[in-house]
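Structure first, then comments.
The values are calculated or read from the model by the stated rules, or taken from the named source; none is laboratory data. Here the structure is a predicted model, which is why all the values come from computation and not from measurement. Every residue, glycine as well, gets a Cβ built from its backbone with ideal geometry; the counts of neighbours run over all protein chains shown.
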Amino acid sequence: MDTLEIDRSERDSDVRAKILQMDRKFKTFERNIATIKADQTNLKGRTAAIEGAMGRPGPPGSQGPPGQSLNNAKIKTNIANSATPESFLKMLPPPENGFSFGGSTFEQIAAALKRHSMAVKFVNYMDTDLTGYQLELYYGSAGTNAPTTISSQTAQVATFKPAGNGEVLGTMIKCPL
């Protein structure tokens with residue numbers, strides 16, 4: 001009889017361990033579902049903000065033009081027909097020129113540069129500022145410094161002068177958070 005009782009207690013211990021393991025997995029599953037729901041809510045809000053900026057109504061329940069419903073099929077078609085990122089960006093409202101333009105257009109700034117110099121336009125279509133960029137020039141020098149922050153919905157410009165060999169070469173990277 002002692003053998004039978006030992007087998008039962010071992011079995012009971014195994015069952016308790018499995019139940020505890022299943023409980024942990026269930027709690028992890030519940031946390032994942034809560035995270036997904038929060039992400040969905042966040043994405044719905046961002047979608048509504050983007051569509052509002054584009055003059056389109058947002059999803060049902062969002063703040064959009066009164067009396068209009070969202071036509072998801074039309075938006076998906078527009079995005080699907082955008083073969084390149086450039087063609088998609090043309091659908092967005094153009095950002096305002098920032099302080100670095102000094103009242104000029106990008107074309108005017110570029111046309112005023114000396115031969116082999118270069119103008120670079122930094123554009124931020126997002127609702128948040130872009131910060132933390134680093135510029136490393138291998139050849140050439142900055143004519144006007146590159147922006148350290150590109151405010152939301154704005155464009156900034158920087159110019160670069162060639163080195164003695166007539167080249168401008170560099171990279172701009174986003175620093176990790």
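Considering only segment 135-147, I want to know if a residue exists there that is within 30 Å of Thr47 (Cα to Cα), touching a strand residue (DSSP E or B) at 6+ places or on another chain (Cβ under 8 Å) and in a strand (DSSP E or B). No - not one qualifying residue is present in segment 135-147. Lys114 falls short of the stated requirement of being within 21 Å of the chain's Cα centre (by Cα) and among the charged types (D, E, K, R). Once segment 119-134 is narrowed to residues that are farther than 15 Å from Phe106 by Cβ and either in a strand (DSSP E or B) or touching a residue at least 60 places away in the same chain (Cβ under 8 Å) (or both), the residue that is farthest from the chain's Cα centre (by Cα) is Gln134. Under the condition of being among the polar types (S, T, N, Q), surrounded by 12 or more Cβ atoms within 10 Å (Cβ to Cβ) and modelled with pLDDT of 75 or more, the residues counted in segment 78-113 number 4.
Taken over segment 95-118, residues that are charged (D, E, K, R) and assigned to a strand (DSSP E or B) amount to 1. Assessment of segment 164-177 against the conditions (touching a Ser or Thr at 6+ places or on another chain (Cβ under 8 Å), in contact (Cβ under 8 Å) with a residue 24 or more places away in the chain and part of a strand (DSSP E or B)) yields no matching residue. Only residues that are within 18 Å of the chain's Cα centre (by Cα) and of a type outside the set (Gly, Ala, Ser) were counted across segment 135-155, and they come to 5. Taking interchain pairs and intrachain pairs at least six residues apart, which have beta carbon atoms under 7 angstrom, with the first residue in segment 99-117 and under 22 Å from Leu137 (Cα atoms) and the second of a type in the set (D, E, K, R) and not in a helix (DSSP H, G or I)? These pairs meet every condition: Phe106/Lys121; Ser117/Lys161.
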